[in-house]
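Structure first, commentary second.
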Amino acid sequence: MFYHNKKLQYFKPPEKPDAVYAMKIQELIGGTFGEMTVMMQYLFQGWNCRGPAKYRDMLLDVGTEEIGHIEMLATMIAHLLDKAPLKMQEESAKDAVVGAVMGGSSPRDVIMAAAMNPQHAIVSGLGATPSDSVGYPWNGRYIVSSGNLLADFRSNLHAESQGRLQAVRLYEMTDDPGVKDTLSFMIARDTMHQNLWLATIEDLESSGLETTPVPSSFPLELEKREFSYQFWNHSEGTESSEGRWAKGPSMDGKGEFEYVENPQPLGPEPQPPVPDPRLHGTSKMPLAQGDASSAPSLIDRIIGD
């Protein structure tokens, strides 16, 4: 059961409208690494968690917090769009367009960069949308919920790292004190969440429930261990040999890194089989023409095989 507190987690309104910046803020809502992604990712990981209760509780705590972040950003977009009609954006772009023409740049690029998202006016009535900064709808395929907590926690660390990076970049793109203040809070929470996922990875591994490599439940003897810790140099130069990954104990403590400067192919040249004539593909040799109507169907043949 979820309850909604009508007060925002944190918020300072912008001092002036800015429809162009509102379009940019959409990335923090519906982008690949936006708040909708981490919200759904943490909630589904929590709902699907079959491990110790502390992990489920923690995941649902953080996932629910992220719902509040979306509300903060949606409120910010509403303030940025208020009293910022398209005419205002057109006027603000005029000087930039003239400068682009005089400077040899593309006026079209300048216009697009200085344009309001028309969906904010046409679709959402000057409100936020579940989409990114170029209008692409948020997609459930962005989220990771595998049932393996170590794999998921690593994905969460990645998502928070990218999310904080984007929030910091947006912080640098505005001079509005209210926007900067609100983003400063969200950046701080991203700092906490990066540390959180590092702590959960350490906690999980120290408990012995899951270790590297993921999944640790798969018997190591079933993999070809002679290749498990080799770094293969697949480009010109050997600068990669200087990294931690090229020598010394492996990170899982179960092997030694080895640098292979000139890796060689271990398999034969592929020889694709002759295509089934009912697929009408092109073979190496001419196929005899004839009526294949009496032959079993391709589906029957596959099932029969």
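The values are calculated or read from the model by the stated rules, or taken from the named source; none is laboratory data. What you see is a predicted model; the values in this text were computed from it and never measured. Here the Cβ is made from the backbone with ideal geometry for all residues, glycine too, and neighbour counts use every protein chain on show. In case anyone asks, the SASA skips ligands and DNA or RNA and just uses the protein heavy atoms, side chains included. Shrake-Rupley method; radii C 1.70, N 1.55, O 1.52, S 1.80 Å.
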Query raised in the report: Could you say whether any residue in the range 215-231 is open to solvent by less than 50 Å² (accessible area, probe 1.4 Å), out of contact with any Cys (no Cβ under 8 Å at 6 or more places or on another chain), within 30 Å of Gly63 (Cβ to Cβ) and not in a helix (DSSP H, G or I)?
Result: yes
Query raised in the report: Which residue, of Lys12, Lys83, is touching a residue at least 12 places away in the same chain (Cβ under 8 Å), farther than 21 Å from Ile122 by Cβ and open to solvent by 50 Å² or more (accessible area, probe 1.4 Å)?
Result: Lys12
**Report entry** Failed criterion for Glu172 (all others in (1) without any contact (Cβ under 8 Å) to a residue 12 or more places away in the chain; (2) closer than 14 Å to Gly34 by Cβ; (3) of a type outside the set (A, V, I, L, M, F, W, C) hold)
**Finding:** (2)
Query raised in the report: Which one of Gly267, Gly290, Gly237, Gly253 is of a type in the set (Gly, Ala, Ser), in a loop (DSSP other than H, G, I, E, B) and either open to solvent by 100 Å² or more (accessible area, probe 1.4 Å) or modelled with pLDDT under 95 (or both)?
Result: Gly290
Report task. Check off (1) among the aromatic types (Phe, Trp, Tyr); (2) closer than 23 Å to Lys12 by Cα; (3) open to solvent by less than 20 Å² (accessible area, probe 1.4 Å) for Phe153 and give me the number that stays unchecked. Result -> (2)
Query raised in the report: What is the number of the single condition among (1) among the aromatic types (Phe, Trp, Tyr); (2) open to solvent by 60 Å² or more (accessible area, probe 1.4 Å); (3) touching a Cys at 6+ places or on another chain (Cβ under 6 Å) that Phe2 does not meet?
Result: (3)
Query raised in the report: Which ones in the range 34-63 are surrounded by fewer than 21 Cβ atoms within 10 Å (Cβ to Cβ), touching a residue at least 40 places away in the same chain (Cβ under 8 Å) and closer than 30 Å to Thr174 by Cα?
Result: Met40
